[in-house]
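Colleague: Here it is, the structure in full.
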Protein chains: 2
Amino acid sequence: MSTLLTDHTPGQSRYGKLAQALRDRILQGEWAPGEVIPAESTLAQNYGVALGTIRQALSLLVEDGVLQRRHGKGTFVTKGVDGASMMRFFRFRGLDDGASITPHSHILSSRLRAASVREAQVFSMTQGAQVLQLERLRSLDTEPCLLETIVLPLPLFGALADSDSHGWDDLLYPMYQERCGVVIQKTQDTLSFSQLNATQAKRLKLAVSHPCVLVERQAFDIAGRCVELRTTRGDAYSFKYTAQVQ
Amino acid sequence: MSTLLTDHTPGQSRYGKLAQALRDRILQGEWAPGEVIPAESTLAQNYGVALGTIRQALSLLVEDGVLQRRHGKGTFVTKGVDGASMMRFFRFRGLDDGASITPHSHILSSRLRAASVREAQVFSMTQGAQVLQLERLRSLDTEPCLLETIVLPLPLFGALADSDSHGWDDLLYPMYQERCGVVIQKTQDTLSFSQLNATQAKRLKLAVSHPCVLVERQAFDIAGRCVELRTTRGDAYSFKYTAQVQ
């Protein structure tokens, strides 16, 4: 389905336009996440452009995180973000340093409601459009460690709204992909300090007003749209995060 | 002073050896931080190697953070880390989002003492060798915001031990470079949650046991040696940090 780029739009470079065409094919699912795309020479031939132009277009998509180059193996569609990454902000007692264990997930509640003004804005929805709100408790060895509120726009996540959460996986992002065709490609987490209210404290088996770290996440799909808002709370005494600058 | 690479060491690639030779010249100060290095073609000619070999050697040094490529401008010796980066973990009241203001620095005390076991290990010193320990208060508009303990190995930082801290700059890293020839090239900050003891609380004008974020830093020079240990404490309610994954 490759198209020859004969229609010149003023103000957009040839490779910029080519990048857009390739991005559209990826968004339409022609190549799945984790799949290798055709060789540069094949693409150049299909589009009737020079190899250098294809390379510039692919570089743009690599910069945007849509594609990933693997040395000697080719260019792949980004597989999406690891769903367990919230754990990187904490080091829970009894866990070895750097252990990457997926906590058990328990959906406490799931309900449909109208989007708030902010949610409608962030999700580019009409105000009052429906969202799915999940309350979720994550545990390690039956000990609760993270309490989460997750807000998802409809109809994109309609398949989850209609399904029984008892059968859901411990990791949500692979499930978003399987059931709703949504690939999470980027997350942005803002960390701050807070204290638990009575309900939150009870869920996490901690005292009311116990210090917690609050993680406010926006997750973006492969088209750059925000498709998930999440707030996560965990014991501040388990907070441990390493940041490098170079 | 370029040397021809005639002496072949088994087990090291030609470009690996070339990278080492270039790194040595940078460490010896032949090219200053922020300075452009000679063109690839010139270096290839000087060392009597192919352009591809020089490129591989430079790529290694870019990966290590010793060199930086700027598109269309050449390859530069890394300038070192911005000294104000501790502020990225906090958003103090009265400061606009994203404002990058350098807080005023006040050295509360400066003393020489023997290195602890851990310090000797981290700094690759003999146990009991001397370190310089600084206590430092950083303020915004006369309001204290960060309390720091900084430990520096001697004799590397001898020039600071001998000088009056009243004349010191608000940013330490440019001063390390000017006075001691030490370029900080990488920092690693580990964040956790803590509470202020009586002395710390008094310095920061907060209550005893007030929640704080503790930042434990190791700073590395251009040769990859740890040359600074720092612990920073700031009001947990001013903590705000954004982390991205993609």
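The values are calculated or read from the model by the stated rules, or taken from the named source; none is laboratory data. As the structure is a computational prediction, the values presented were derived from the model and not from experiment. Virtual Cβ from ideal backbone geometry, glycine too; neighbours counted across all protein chains shown.
Colleague: Output yes when any residue across segment A:26-33 is polar (S, T, N, Q), more than 14 Å from chain B (Cβ to nearest Cβ) and farther than 30 Å from A:TRP168 by Cα, and no when none is. Working first, answer last.
Modeller: Going through segment A:26-33, the residues polar (S, T, N, Q) turn out to be A:28.
Still in the running and more than 14 Å from chain B (Cβ to nearest Cβ): A:28.
Applying the additional criterion that residues be farther than 30 Å from A:TRP168 by Cα yields none.
Scanning segment A:26-33 turns up no residue that is polar (S, T, N, Q), more than 14 Å from chain B (Cβ to nearest Cβ) and farther than 30 Å from A:TRP168 by Cα.
Residues are listed down the side, and each one gets a yes or a no for (1) crowded, with 20+ Cβ neighbours inside 10 Å; (2) among the hydrophobic types (A, V, I, L, M, F, W, C); (3) free of Cβ contacts under 8 Å to residues at least 12 places away in the same chain:
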| site | (1), (2), (3) |
| --- | --- |
| B:LEU154 | no, yes, no |
| B:PHE157 | yes, yes, no |
| B:GLN185 | yes, no, no |
| B:GLN200 | no, no, no |
| B:VAL213 | yes, yes, no |
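Colleague: Turning to a different aspect of this structure: Can you tell me which residues in segment B:119-141 are among the polar types (S, T, N, Q) and touching a His at 6+ places or on another chain (Cβ under 8 Å)? Show your work before the answer.
Modeller: If we filter segment B:119-141 for residues that are among the polar types (S, T, N, Q), which is where we start, we get B:121, B:124, B:126-127, B:130, B:133, B:139.
Within segment B:119-141, B:SER139 is the sole residue that qualifies.
Colleague: If B:MET87 meets every condition in (1) surrounded by 17 or more Cβ atoms within 10 Å (Cβ to Cβ); (2) at pLDDT 90 or above; (3) within 20 Å of the chain's Cα centre (by Cα) apart from one, which number is that one?
Modeller: Of the numbered conditions (1) surrounded by 17 or more Cβ atoms within 10 Å (Cβ to Cβ); (2) at pLDDT 90 or above; (3) within 20 Å of the chain's Cα centre (by Cα), the odd one out for B:MET87 is (2).
Colleague: Read through the list (1) free of Cβ contacts under 8 Å to residues at least 12 places away in the same chain; (2) more than 14 Å from chain B (Cβ to nearest Cβ), then give the number of the only condition that A:VAL245 fails.
Modeller: In the conditions (1) free of Cβ contacts under 8 Å to residues at least 12 places away in the same chain; (2) more than 14 Å from chain B (Cβ to nearest Cβ), A:VAL245 misses (2) alone.
Colleague: From the set of residues in segment A:223-235 that are surrounded by 21 or more Cβ atoms within 10 Å (Cβ to Cβ) and hydrophobic (A, V, I, L, M, F, W, C), which is farthest from the chain's Cα centre (by Cα)?
Modeller: At the first step, the residues of segment A:223-235 found to be surrounded by 21 or more Cβ atoms within 10 Å (Cβ to Cβ) are A:227-229, A:232-235.
Adding the requirement that they be hydrophobic (A, V, I, L, M, F, W, C) leaves A:227, A:229.
Numbers: A:VAL227: 8, A:LEU229: 10 Å.
Result: A:LEU229.
Colleague: Answer yes or no: is there a residue in segment B:41-59 that is within 22 Å of B:TYR173 (Cβ to Cβ) and touching a strand residue (DSSP E or B) at 6+ places or on another chain (Cβ under 7 Å).
Modeller: Here is the first cut: in segment B:41-59, the ones within 22 Å of B:TYR173 (Cβ to Cβ) are none.
No.
Colleague: OK, next. Taking A:HIS106 and the conditions (1) of a type outside the set (Phe, Trp, Tyr); (2) in a loop (DSSP other than H, G, I, E, B); (3) more than 27 Å from A:GLY224 (Cβ to Cβ), which numbered condition does it fall short on, given that it satisfies the others?
Modeller: (2)
Colleague: Does A:VAL215 count as under 22 Å from A:THR102 (Cα atoms) and β-branched (Val, Ile, Thr)?
Modeller: Details: under 22 Å from A:THR102 (Cα atoms): yes; β-branched (Val, Ile, Thr): yes.
So A:VAL215 passes the test.
Colleague: Does segment A:65-84 hold any residues that are within 17 Å of the chain's Cα centre (by Cα) and touching a residue at least 12 places away in the same chain (Cβ under 8 Å), and which are they? Even if it seems obvious, please write down each step before you answer.
Modeller: Narrowing segment A:65-84 to residues within 17 Å of the chain's Cα centre (by Cα): A:65-68, A:77-84.
Result: A:GLY65, A:VAL66, A:LEU67, A:VAL77, A:THR78, A:LYS79, A:GLY80, A:VAL81, A:ASP82, A:GLY83, A:ALA84.
Colleague: Tally time: how many residues in segment A:218-242 are at the interface with chain B (Cβ under 10 Å from one of its Cβ atoms) and among the basic types (Lys, Arg)?
Modeller: Residues that pass the stated criteria total 1.
Colleague: Hey, A:LEU191 hits all of (1) more than 7 Å from every other protein chain (Cβ to nearest Cβ); (2) surrounded by 16 or more Cβ atoms within 10 Å (Cβ to Cβ); (3) over 28 Å from A:GLY167 (Cβ atoms) but one; which does it fall short on?
Modeller: Just one mismatch for A:LEU191, condition (1).
Colleague: Which residue, of A:ALA44, A:ALA57, A:ALA39, is surrounded by 12 or more Cβ atoms within 10 Å (Cβ to Cβ), free of Cβ contacts under 8 Å to residues at least 12 places away in the same chain, farther than 22 Å from A:VAL182 by Cα and small (Gly, Ala, Ser)? Spell out how you get there, then give the answer.
Modeller: Details: A:ALA57 fails: free of Cβ contacts under 8 Å to residues at least 12 places away in the same chain; A:ALA39 fails: free of Cβ contacts under 8 Å to residues at least 12 places away in the same chain.
The match here is A:ALA44.
Colleague: For segment A:166-176, does any single residue satisfy the condition of being over 22 Å from A:ASP221 (Cα atoms) and either of a type outside the set (Lys, Arg) or assigned to a helix (DSSP H, G or I) (or both)? Step through it out loud before you land on a result.
Modeller: Residues of segment A:166-176 over 22 Å from A:ASP221 (Cα atoms): A:166-167.
Checking the rest, the ones that are also either of a type outside the set (Lys, Arg) or assigned to a helix (DSSP H, G or I) (or both) come to A:166-167.
Yes, segment A:166-176 has at least one match.
Colleague: Can you tell me how many residues in segment A:156-188 are within 14 Å of chain B (Cβ to nearest Cβ) and among the polar types (S, T, N, Q)?
Modeller: From segment A:156-188, those within 14 Å of chain B (Cβ to nearest Cβ) are A:173, A:183-188; that's our starting set.
After this cut, where a residue has to be among the polar types (S, T, N, Q) as well, the list is A:185, A:187-188.
Summing the residues that are within 14 Å of chain B (Cβ to nearest Cβ) and among the polar types (S, T, N, Q) in segment A:156-188 gives 3.
Colleague: What tally of residues in segment A:13-70 results from selecting those that are among the small types (Gly, Ala, Ser) and part of a helix (DSSP H, G or I)? Even if it seems obvious, please write down each step before you answer.
Modeller: Let us first name the residues in segment A:13-70 that are among the small types (Gly, Ala, Ser), namely A:13, A:16, A:19, A:21, A:29, A:32, A:34, A:39, A:41, A:44, A:48, A:50, A:52, A:57, A:59, A:65.
Okay, now just the ones that are also part of a helix (DSSP H, G or I), so A:16, A:19, A:21, A:41, A:44, A:52, A:57, A:59.
Qualifying residue count, segment A:13-70: 8.
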